[in-house]
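Have a look at the structure below before the remarks.
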Amino acid sequence: MYKHEFKSAMERTLQFGLSLPVVEFEKSTVLTPENWKKINHIFEEYFSNLNVMDVATHCLPVHLDVMSLFHEHNIPCVFTLGYVFHEGKKRHFMTESELKTICERGVDGTTVNIHAWLTLPSMEVIDLTYWTTFSYATNNSERLGELVIQSDDEELEVVYHPLLIGEDWLYKSGILVSL
């Protein structure tokens, strides 16, 4: 299911006139023991100086930063925007129409309610911020600091729905400014 939605998100990205990063699908996991060592090192280094407020509600910069670190260590991944389904609710949801309008007109100062995560070529999801953001929003520290690392063949507590692939939407909308 995720791979099908991911392919639709790739098409939508192109329909919006956005650049699409190169995506090479793999059947086998990218999360090999060798890559796990690299990933653990990246996580330890990246999160060592952050606090809860640096992570909660900051899915865009966190995943952009970690994507760059993954690429530096030759771990393939793509920045993914969309929403999650959790506890019977769509969370961080924006319609395709809302996304397109923001892409065409830019942000207008209102909050952009979208979520970001990383997708590996094996369609495994890595989300470094969802549980911390959820814990902060619900004032419940039980899952604070937990990461989501999952594949589509698992029984999923949080279901990811990709809508756009790559970071170009962030630049076209004015959310991020290219330096």
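Read-outs: derived from the displayed coordinates by stated rules, not from any lab. What you see is a predicted model; the values in this text were computed from it and never measured. Counting neighbours? That spans all protein chains shown, and the Cβs are built from the backbone with ideal geometry, glycine included.
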Over segment 52-132 - Rg/Rh using Cα atoms and the Kirkwood inverse-distance radius: 0.99
Chymotrypsin sites (Phe, Trp or Tyr not before Pro) lying in DSSP loop within segment 3-103, provided at most 13 other Cβ fall within 10 Å: PHE25
Selected from GLY17, THR80, ASN113, residue furthest toward positive end of dipole (segment 2-172; charges at beta carbon): GLY17
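May I ask you to list the GluC sites (Glu not before Pro) in segment 1-61 that are in a DSSP loop and have at most 15 other Cβ atoms within 10 Å of their Cβ?
Numbers: sites: GLU5, GLU11, GLU24, GLU26, GLU34, GLU44, GLU45; in loops: GLU24, GLU26.
Those that pass, being in a loop and sparsely packed, are GLU24, GLU26.
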Relative pair counts by distance (%), Cα atoms of segment 1-105, 5 Å bins: 2, 9, 16, 19, 20, 18, 12, 4, 0
Charge tally in the Cβ shell below 13 Å around THR132, where Lys, Arg are +1 and Asp, Glu are -1, THR132 excluded: -3
Trypsin sites (Lys or Arg not before Pro) within segment 21-78, DSSP loop, no more than 11 other Cβ atoms inside 10 Å: LYS27
Computed P(r) (all Cα pairs; the chain; 5 Å bins; percent): 1, 8, 17, 22, 21, 17, 10, 3, 0
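Over all directions, how big on average is the projection of the convex hull of the alpha-carbon atoms in segment 79-179, in square nanometres? Mind showing how you got there, number by number?
Working: hull surface 30.3 nm².
Mean projected area of the Cα convex hull: 7.6 nm².
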